[in-house]
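The block underneath contains the structure these notes are about, expressed in C-alpha coordinates.
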Amino acid sequence: MAAPTTSPAHPSGGAGPRPGPAARGWPAVAAVTLGIFAIVTTEILPIGLLTGIGAAFAVSDGMAGLMMTMPGLLAAISAPLVTVASARVDRRLMLCTFTALLAGANFLAAAAPDYWIVLASRVVVGVVIGGFWSIGASLAERLVPAPAVGRARAVIFSAVPLGSVLGVPAGTLLGDLAGWRTAFAALGALAVGVLVMLLVFLPPLPPTRTTRFHVLRGMLRGVNTRFALVLTALIVLAHFGAYTYVTPFLEQVTDAGPRLVTGLLLVYGAAGIAGNFLGGALVARRPRGTFGLVAAMIAAATLLLPVVGRWQFGAAALLVLWGVAYGAVPVASQTWFAKAAPHAPEAAAVLFTASFQATISVGALAGGVAVDQASPSAVMTLGGGTAVLAAVAVWMHRARRLTWPDGT
(Lines give C-alpha, C1' and ligand atoms only; values in the text may rest on other atoms or scores of the structure.)
Protein backbone atom coordinates (compact mmCIF):
# COMPACT_ATOMS: atom_id res chain seq x y z
CA MET A 1 0.00 0.00 0.00
CA ALA A 2 1.30 3.38 -0.89
CA ALA A 3 1.86 5.67 2.04
CA PRO A 4 -0.81 8.37 2.36
CA THR A 5 0.16 11.82 1.29
CA THR A 6 0.63 14.37 4.03
CA SER A 7 0.84 18.10 4.01
CA PRO A 8 4.19 19.63 5.01
CA ALA A 9 4.12 21.58 8.19
CA HIS A 10 6.19 24.36 6.68
CA PRO A 11 5.97 26.30 3.43
CA SER A 12 9.36 25.01 2.41
CA GLY A 13 7.81 21.62 1.88
CA GLY A 14 9.80 19.89 4.60
CA ALA A 15 8.30 17.84 7.29
CA GLY A 16 9.22 20.35 9.96
CA PRO A 17 11.98 20.08 12.55
CA ARG A 18 12.57 16.61 13.93
CA PRO A 19 12.37 16.36 17.68
CA GLY A 20 15.74 16.50 19.35
CA PRO A 21 16.96 14.81 22.54
CA ALA A 22 15.01 17.29 24.67
CA ALA A 23 11.79 15.91 23.21
CA ARG A 24 12.52 12.43 24.51
CA GLY A 25 11.90 11.38 28.04
CA TRP A 26 9.89 9.11 30.26
CA PRO A 27 8.62 11.99 32.45
CA ALA A 28 6.85 13.32 29.36
CA VAL A 29 5.40 9.85 28.71
CA ALA A 30 4.18 9.77 32.33
CA ALA A 31 2.49 13.17 31.91
CA VAL A 32 0.64 12.02 28.76
CA THR A 33 -0.32 8.77 30.51
CA LEU A 34 -1.79 10.64 33.48
CA GLY A 35 -3.66 12.89 31.08
CA ILE A 36 -5.32 9.89 29.43
CA PHE A 37 -5.96 8.37 32.87
CA ALA A 38 -7.83 11.52 33.92
CA ILE A 39 -9.79 11.50 30.65
CA VAL A 40 -10.75 7.81 30.88
CA THR A 41 -11.81 8.20 34.51
CA THR A 42 -13.87 11.28 33.67
CA GLU A 43 -15.52 9.53 30.75
CA ILE A 44 -16.71 6.44 32.61
CA LEU A 45 -17.09 7.75 36.19
CA PRO A 46 -20.85 8.38 35.72
CA ILE A 47 -21.33 4.58 35.63
CA GLY A 48 -20.68 4.56 39.38
CA LEU A 49 -22.52 7.82 40.11
CA LEU A 50 -25.50 7.46 37.78
CA THR A 51 -28.16 6.86 40.42
CA GLY A 52 -27.00 9.68 42.69
CA ILE A 53 -26.82 12.22 39.87
CA GLY A 54 -30.23 11.17 38.54
CA ALA A 55 -31.77 11.51 41.99
CA ALA A 56 -30.18 14.92 42.54
CA PHE A 57 -31.85 16.33 39.42
CA ALA A 58 -34.97 14.11 39.44
CA VAL A 59 -34.21 12.53 36.06
CA SER A 60 -34.65 8.90 35.04
CA ASP A 61 -31.77 6.43 34.78
CA GLY A 62 -32.19 6.47 31.00
CA MET A 63 -31.86 10.24 30.88
CA ALA A 64 -28.89 10.10 33.24
CA GLY A 65 -27.33 7.56 30.87
CA LEU A 66 -26.82 10.36 28.35
CA MET A 67 -23.75 11.27 30.38
CA MET A 68 -22.17 8.07 29.03
CA THR A 69 -23.37 8.03 25.42
CA MET A 70 -22.69 11.68 24.58
CA PRO A 71 -18.90 11.83 25.15
CA GLY A 72 -18.17 8.84 22.92
CA LEU A 73 -20.23 10.13 20.01
CA LEU A 74 -18.81 13.63 20.32
CA ALA A 75 -15.28 12.25 20.56
CA ALA A 76 -15.79 10.37 17.30
CA ILE A 77 -16.89 13.59 15.59
CA SER A 78 -14.36 15.91 17.20
CA ALA A 79 -11.31 13.68 16.66
CA PRO A 80 -10.91 14.58 12.95
CA LEU A 81 -12.42 18.06 13.16
CA VAL A 82 -10.34 19.34 16.08
CA THR A 83 -7.12 17.71 14.92
CA VAL A 84 -7.42 19.11 11.41
CA ALA A 85 -8.39 22.57 12.70
CA SER A 86 -5.31 22.65 14.95
CA ALA A 87 -2.97 20.99 12.45
CA ARG A 88 -0.33 23.74 12.53
CA VAL A 89 -0.43 24.35 16.29
CA ASP A 90 2.27 23.01 18.60
CA ARG A 91 1.04 19.69 19.98
CA ARG A 92 2.22 20.55 23.49
CA LEU A 93 0.00 23.64 23.47
CA MET A 94 -2.96 21.59 22.25
CA LEU A 95 -2.54 18.93 24.96
CA CYS A 96 -2.33 21.65 27.61
CA THR A 97 -5.45 23.32 26.20
CA PHE A 98 -7.42 20.07 26.22
CA THR A 99 -6.31 19.35 29.80
CA ALA A 100 -7.43 22.81 30.91
CA LEU A 101 -10.81 22.17 29.24
CA LEU A 102 -11.04 18.84 31.06
CA ALA A 103 -10.45 20.57 34.40
CA GLY A 104 -13.07 23.20 33.55
CA ALA A 105 -15.62 20.55 32.50
CA ASN A 106 -15.23 18.64 35.77
CA PHE A 107 -15.49 21.78 37.87
CA LEU A 108 -18.58 22.80 35.85
CA ALA A 109 -20.22 19.44 36.54
CA ALA A 110 -19.36 19.72 40.23
CA ALA A 111 -21.08 23.10 40.48
CA ALA A 112 -23.95 22.47 38.01
CA PRO A 113 -27.28 23.84 39.26
CA ASP A 114 -29.18 21.98 36.53
CA TYR A 115 -28.82 18.63 34.78
CA TRP A 116 -28.47 20.31 31.40
CA ILE A 117 -25.33 22.00 32.69
CA VAL A 118 -23.96 18.56 33.53
CA LEU A 119 -24.71 17.46 29.97
CA ALA A 120 -22.99 20.57 28.64
CA SER A 121 -19.89 19.61 30.63
CA ARG A 122 -20.04 16.15 29.03
CA VAL A 123 -20.05 17.78 25.59
CA VAL A 124 -16.74 19.41 26.51
CA VAL A 125 -15.45 16.06 27.76
CA GLY A 126 -16.26 14.52 24.38
CA VAL A 127 -14.27 17.20 22.57
CA VAL A 128 -11.34 16.67 24.95
CA ILE A 129 -11.39 12.90 24.39
CA GLY A 130 -11.32 13.30 20.61
CA GLY A 131 -8.54 15.88 20.63
CA PHE A 132 -6.25 14.64 23.41
CA TRP A 133 -6.41 10.99 22.35
CA SER A 134 -5.76 11.76 18.69
CA ILE A 135 -2.60 13.69 19.56
CA GLY A 136 -1.41 11.88 22.68
CA ALA A 137 -1.79 8.36 21.26
CA SER A 138 0.72 9.15 18.49
CA LEU A 139 3.43 10.82 20.60
CA ALA A 140 5.36 7.78 21.88
CA GLU A 141 7.79 7.82 18.94
CA ARG A 142 8.57 11.49 19.57
CA LEU A 143 9.22 11.13 23.28
CA VAL A 144 11.52 8.13 23.58
CA PRO A 145 14.21 6.47 21.42
CA ALA A 146 13.02 4.09 18.71
CA PRO A 147 13.78 0.84 20.61
CA ALA A 148 11.56 1.99 23.49
CA VAL A 149 8.56 3.13 21.42
CA GLY A 150 6.60 -0.09 21.92
CA ARG A 151 7.12 0.04 25.69
CA ALA A 152 6.20 3.73 25.82
CA ARG A 153 3.05 3.09 23.83
CA ALA A 154 2.09 0.32 26.26
CA VAL A 155 2.67 2.68 29.21
CA ILE A 156 0.47 5.35 27.62
CA PHE A 157 -2.33 2.87 26.94
CA SER A 158 -2.06 1.41 30.44
CA ALA A 159 -4.09 4.47 31.43
CA VAL A 160 -7.18 2.79 29.98
CA PRO A 161 -7.37 -0.21 32.35
CA LEU A 162 -5.94 1.89 35.20
CA GLY A 163 -8.83 4.31 34.79
CA SER A 164 -11.25 1.39 35.17
CA VAL A 165 -9.41 -0.35 38.01
CA LEU A 166 -8.28 2.64 40.07
CA GLY A 167 -9.94 5.81 38.82
CA VAL A 168 -13.59 4.82 38.69
CA PRO A 169 -13.69 2.81 41.97
CA ALA A 170 -11.86 5.64 43.76
CA GLY A 171 -14.19 8.25 42.28
CA THR A 172 -17.25 6.16 43.13
CA LEU A 173 -16.05 5.67 46.70
CA LEU A 174 -15.43 9.39 47.07
CA GLY A 175 -18.88 10.06 45.65
CA ASP A 176 -20.44 7.68 48.18
CA LEU A 177 -18.57 9.29 51.07
CA ALA A 178 -18.73 12.98 50.14
CA GLY A 179 -21.22 13.29 47.28
CA TRP A 180 -20.93 13.00 43.50
CA ARG A 181 -20.04 16.70 43.18
CA THR A 182 -16.92 16.12 45.27
CA ALA A 183 -15.89 13.30 42.93
CA PHE A 184 -16.06 15.60 39.89
CA ALA A 185 -14.24 18.36 41.77
CA ALA A 186 -11.45 15.90 42.63
CA LEU A 187 -11.13 14.98 38.95
CA GLY A 188 -10.92 18.67 38.13
CA ALA A 189 -8.06 19.02 40.61
CA LEU A 190 -6.34 15.98 39.08
CA ALA A 191 -6.60 17.58 35.64
CA VAL A 192 -4.97 20.74 37.01
CA GLY A 193 -2.10 18.61 38.32
CA VAL A 194 -1.73 16.94 34.92
CA LEU A 195 -1.65 20.37 33.28
CA VAL A 196 1.26 21.36 35.51
CA MET A 197 3.11 18.15 34.59
CA LEU A 198 2.58 18.73 30.88
CA LEU A 199 3.91 22.27 31.19
CA VAL A 200 6.98 21.10 33.12
CA PHE A 201 7.91 17.86 31.34
CA LEU A 202 6.53 18.04 27.81
CA PRO A 203 8.87 19.86 25.41
CA PRO A 204 7.68 21.97 22.47
CA LEU A 205 6.31 19.60 19.83
CA PRO A 206 5.88 21.43 16.52
CA PRO A 207 3.74 19.39 14.10
CA THR A 208 5.99 17.28 11.89
CA ARG A 209 3.10 16.61 9.51
CA THR A 210 -0.15 18.51 9.27
CA THR A 211 -3.28 16.39 9.37
CA ARG A 212 -5.75 17.41 6.68
CA PHE A 213 -8.98 15.82 5.49
CA HIS A 214 -7.36 14.70 2.24
CA VAL A 215 -4.78 12.82 4.33
CA LEU A 216 -7.57 10.97 6.14
CA ARG A 217 -9.35 10.25 2.86
CA GLY A 218 -6.11 8.93 1.42
CA MET A 219 -5.66 6.61 4.37
CA LEU A 220 -9.18 5.24 3.93
CA ARG A 221 -8.23 4.09 0.45
CA GLY A 222 -5.53 1.87 1.93
CA VAL A 223 -6.45 -1.77 2.48
CA ASN A 224 -4.57 -1.99 5.78
CA THR A 225 -6.44 1.02 7.17
CA ARG A 226 -9.75 -0.47 6.10
CA PHE A 227 -8.83 -3.70 7.87
CA ALA A 228 -7.88 -1.68 10.96
CA LEU A 229 -11.30 0.02 10.94
CA VAL A 230 -13.18 -3.27 10.53
CA LEU A 231 -11.14 -5.04 13.20
CA THR A 232 -11.49 -2.18 15.68
CA ALA A 233 -15.23 -1.89 15.08
CA LEU A 234 -15.79 -5.63 15.52
CA ILE A 235 -13.66 -6.14 18.62
CA VAL A 236 -14.87 -3.00 20.41
CA LEU A 237 -18.48 -3.82 19.49
CA ALA A 238 -18.01 -7.33 20.87
CA HIS A 239 -16.42 -6.09 24.08
CA PHE A 240 -18.65 -3.16 25.00
CA GLY A 241 -21.81 -4.85 23.77
CA ALA A 242 -21.14 -7.58 26.33
CA TYR A 243 -19.08 -5.96 29.09
CA THR A 244 -21.52 -3.09 29.63
CA TYR A 245 -23.94 -5.72 30.93
CA VAL A 246 -21.53 -8.03 32.75
CA THR A 247 -22.88 -6.91 36.14
CA PRO A 248 -26.47 -8.06 35.38
CA PHE A 249 -24.99 -11.34 34.09
CA LEU A 250 -23.00 -11.92 37.29
CA GLU A 251 -26.02 -11.06 39.42
CA GLN A 252 -28.59 -13.13 37.52
CA VAL A 253 -26.57 -16.07 36.15
CA THR A 254 -23.62 -16.43 38.52
CA ASP A 255 -25.82 -15.40 41.47
CA ALA A 256 -23.08 -13.13 42.77
CA GLY A 257 -23.75 -10.57 45.48
CA PRO A 258 -22.60 -6.94 45.34
CA ARG A 259 -19.27 -7.58 47.08
CA LEU A 260 -18.42 -10.52 44.85
CA VAL A 261 -19.35 -8.55 41.74
CA THR A 262 -17.03 -5.75 42.83
CA GLY A 263 -14.25 -8.23 43.53
CA LEU A 264 -14.66 -9.96 40.17
CA LEU A 265 -14.58 -6.66 38.30
CA LEU A 266 -11.42 -5.66 40.16
CA VAL A 267 -9.85 -8.98 39.16
CA TYR A 268 -10.91 -8.30 35.57
CA GLY A 269 -9.32 -4.84 35.70
CA ALA A 270 -6.06 -6.14 37.15
CA ALA A 271 -5.92 -8.72 34.36
CA GLY A 272 -6.49 -5.88 31.90
CA ILE A 273 -3.39 -4.06 33.15
CA ALA A 274 -1.32 -7.21 32.65
CA GLY A 275 -2.83 -7.69 29.20
CA ASN A 276 -1.97 -4.13 28.21
CA PHE A 277 1.74 -4.65 28.86
CA LEU A 278 1.79 -8.15 27.40
CA GLY A 279 0.06 -6.86 24.28
CA GLY A 280 2.42 -3.92 24.03
CA ALA A 281 5.39 -6.29 24.14
CA LEU A 282 3.97 -8.58 21.45
CA VAL A 283 2.14 -6.30 19.04
CA ALA A 284 5.17 -4.40 17.74
CA ARG A 285 6.65 -7.67 16.45
CA ARG A 286 3.48 -9.60 15.64
CA PRO A 287 0.57 -7.17 15.16
CA ARG A 288 -1.57 -9.60 13.21
CA GLY A 289 -0.97 -12.55 15.51
CA THR A 290 -1.60 -10.42 18.61
CA PHE A 291 -4.89 -9.05 17.30
CA GLY A 292 -6.06 -12.49 16.24
CA LEU A 293 -5.15 -13.95 19.62
CA VAL A 294 -7.01 -11.32 21.66
CA ALA A 295 -10.09 -11.64 19.41
CA ALA A 296 -10.08 -15.41 19.93
CA MET A 297 -9.66 -14.98 23.70
CA ILE A 298 -12.58 -12.54 23.95
CA ALA A 299 -14.69 -14.88 21.81
CA ALA A 300 -13.85 -17.84 24.05
CA ALA A 301 -14.54 -15.94 27.28
CA THR A 302 -17.91 -14.51 26.23
CA LEU A 303 -19.16 -17.66 24.50
CA LEU A 304 -18.26 -19.84 27.49
CA LEU A 305 -19.66 -17.50 30.16
CA PRO A 306 -23.32 -18.58 29.72
CA VAL A 307 -22.17 -22.18 30.31
CA VAL A 308 -19.21 -22.04 32.72
CA GLY A 309 -20.14 -18.68 34.27
CA ARG A 310 -22.90 -20.29 36.29
CA TRP A 311 -20.23 -21.20 38.80
CA GLN A 312 -18.28 -18.47 40.58
CA PHE A 313 -14.91 -20.04 39.90
CA GLY A 314 -15.73 -20.42 36.20
CA ALA A 315 -16.89 -16.82 35.96
CA ALA A 316 -13.72 -15.60 37.69
CA ALA A 317 -11.44 -17.61 35.37
CA LEU A 318 -13.21 -16.37 32.24
CA LEU A 319 -13.14 -12.76 33.44
CA VAL A 320 -9.37 -13.05 33.88
CA LEU A 321 -9.09 -14.37 30.31
CA TRP A 322 -11.36 -11.59 29.07
CA GLY A 323 -9.45 -8.93 31.00
CA VAL A 324 -6.06 -9.99 29.67
CA ALA A 325 -7.44 -10.03 26.13
CA TYR A 326 -9.20 -6.68 26.20
CA GLY A 327 -6.29 -5.02 27.99
CA ALA A 328 -4.28 -5.56 24.80
CA VAL A 329 -6.98 -4.28 22.43
CA PRO A 330 -6.33 -0.49 22.52
CA VAL A 331 -2.57 -0.79 21.99
CA ALA A 332 -3.07 -3.51 19.35
CA SER A 333 -5.63 -1.43 17.45
CA GLN A 334 -3.58 1.77 17.57
CA THR A 335 -0.47 -0.11 16.46
CA TRP A 336 -2.31 -1.57 13.46
CA PHE A 337 -3.46 1.92 12.43
CA ALA A 338 0.06 3.29 12.92
CA LYS A 339 1.64 0.52 10.83
CA ALA A 340 -0.91 1.12 8.08
CA ALA A 341 0.26 4.75 7.80
CA PRO A 342 3.79 5.07 9.21
CA HIS A 343 4.29 8.49 7.62
CA ALA A 344 1.12 9.96 9.15
CA PRO A 345 1.03 8.80 12.80
CA GLU A 346 -1.28 11.56 14.01
CA ALA A 347 -3.77 10.94 11.21
CA ALA A 348 -3.66 7.25 12.11
CA ALA A 349 -4.40 8.15 15.73
CA VAL A 350 -7.37 10.27 14.59
CA LEU A 351 -8.96 7.32 12.80
CA PHE A 352 -8.19 5.06 15.75
CA THR A 353 -9.83 7.47 18.20
CA ALA A 354 -12.89 8.14 16.04
CA SER A 355 -13.56 4.46 15.29
CA PHE A 356 -12.94 3.34 18.87
CA GLN A 357 -15.14 5.97 20.51
CA ALA A 358 -17.99 5.65 18.01
CA THR A 359 -18.09 1.88 18.45
CA ILE A 360 -18.11 2.18 22.26
CA SER A 361 -21.43 4.03 22.04
CA VAL A 362 -22.86 1.69 19.39
CA GLY A 363 -21.79 -1.39 21.35
CA ALA A 364 -23.38 -0.20 24.57
CA LEU A 365 -26.62 0.66 22.77
CA ALA A 366 -26.71 -2.64 20.86
CA GLY A 367 -26.10 -4.59 24.05
CA GLY A 368 -28.89 -2.69 25.74
CA VAL A 369 -31.36 -3.68 23.02
CA ALA A 370 -30.27 -7.31 23.27
CA VAL A 371 -30.49 -7.47 27.06
CA ASP A 372 -33.98 -5.89 27.02
CA GLN A 373 -35.23 -8.27 24.33
CA ALA A 374 -33.52 -11.44 25.59
CA SER A 375 -31.14 -11.91 28.52
CA PRO A 376 -27.59 -11.16 29.74
CA SER A 377 -26.53 -14.61 28.53
CA ALA A 378 -27.76 -13.78 25.02
CA VAL A 379 -25.69 -10.58 25.10
CA MET A 380 -22.58 -12.62 25.95
CA THR A 381 -23.27 -14.99 23.07
CA LEU A 382 -23.75 -12.14 20.60
CA GLY A 383 -20.53 -10.52 21.81
CA GLY A 384 -18.68 -13.80 21.35
CA GLY A 385 -20.01 -14.20 17.82
CA THR A 386 -18.85 -10.68 16.93
CA ALA A 387 -15.38 -11.42 18.34
CA VAL A 388 -15.24 -14.54 16.15
CA LEU A 389 -15.86 -12.29 13.13
CA ALA A 390 -12.89 -10.16 14.22
CA ALA A 391 -10.68 -13.27 14.36
CA VAL A 392 -11.90 -14.27 10.89
CA ALA A 393 -11.02 -10.79 9.57
CA VAL A 394 -7.47 -11.19 10.91
CA TRP A 395 -7.25 -14.57 9.14
CA MET A 396 -8.42 -12.94 5.90
CA HIS A 397 -5.65 -10.35 6.17
CA ARG A 398 -3.14 -13.18 6.51
CA ALA A 399 -4.73 -15.28 3.76
CA ARG A 400 -4.40 -12.39 1.31
CA ARG A 401 -0.69 -12.16 2.22
CA LEU A 402 -1.03 -8.46 2.88
CA THR A 403 1.92 -6.57 4.33
CA TRP A 404 2.37 -3.13 5.87
CA PRO A 405 4.27 -0.29 4.15
CA ASP A 406 7.43 -1.21 6.07
CA GLY A 407 7.27 -4.71 4.58
CA THR A 408 6.27 -6.62 7.73
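The values are calculated or read from the model by the stated rules, or taken from the named source; none is laboratory data. Because the structure is predicted, anything quoted here is derived from the model rather than measured. Cβ: placed from backbone, ideal geometry, glycine included. Neighbour counts: every protein chain shown.
Side notes on the structure shown:
- Some residue of the stretch 337-355 being in a helix (DSSP H, G or I), of a type in the set (D, E, K, R) and under 27 Å from Ala399 (Cα atoms): yes
- Residue within the stretch 330-339 that is in contact (Cβ under 8 Å) with a residue 24 or more places away in the chain and within 13 Å of His239 (Cα to Cα) present: yes
- Considering only residues in the stretch 198-236 that are hydrophobic (A, V, I, L, M, F, W, C) and assigned to a loop (DSSP other than H, G, I, E, B), the one that is modelled with the lowest pLDDT turns out to be Leu205.
- Number of residues in the stretch 269-297 that are at pLDDT below 85 and among the aromatic types (Phe, Trp, Tyr) equals 1.
- In the stretch 11-19, the condition of being touching a helix residue (DSSP H, G or I) at 6+ places or on another chain (Cβ under 9 Å) and modelled with pLDDT of 80 or more is met by no residue.
- Set side by side, the residues Val331, Val307, Val294 differ, and just one is on the phi < 0 side of the Ramachandran plot, surrounded by fewer than 24 Cβ atoms within 10 Å (Cβ to Cβ) and not acidic (Asp, Glu), which is Val307.
- For the stretch 256-274, the criterion of being of a type in the set (D, E, K, R), more than 30 Å from Ala338 (Cβ to Cβ) and part of a helix (DSSP H, G or I) is met by at least one residue.
- Subset of the stretch 242-255 (residues that are under 15 Å from the mean Cα position of the chain (by Cα) and either part of a helix (DSSP H, G or I) or within 17 Å of Gly314 (Cβ to Cβ) (or both)): Tyr243
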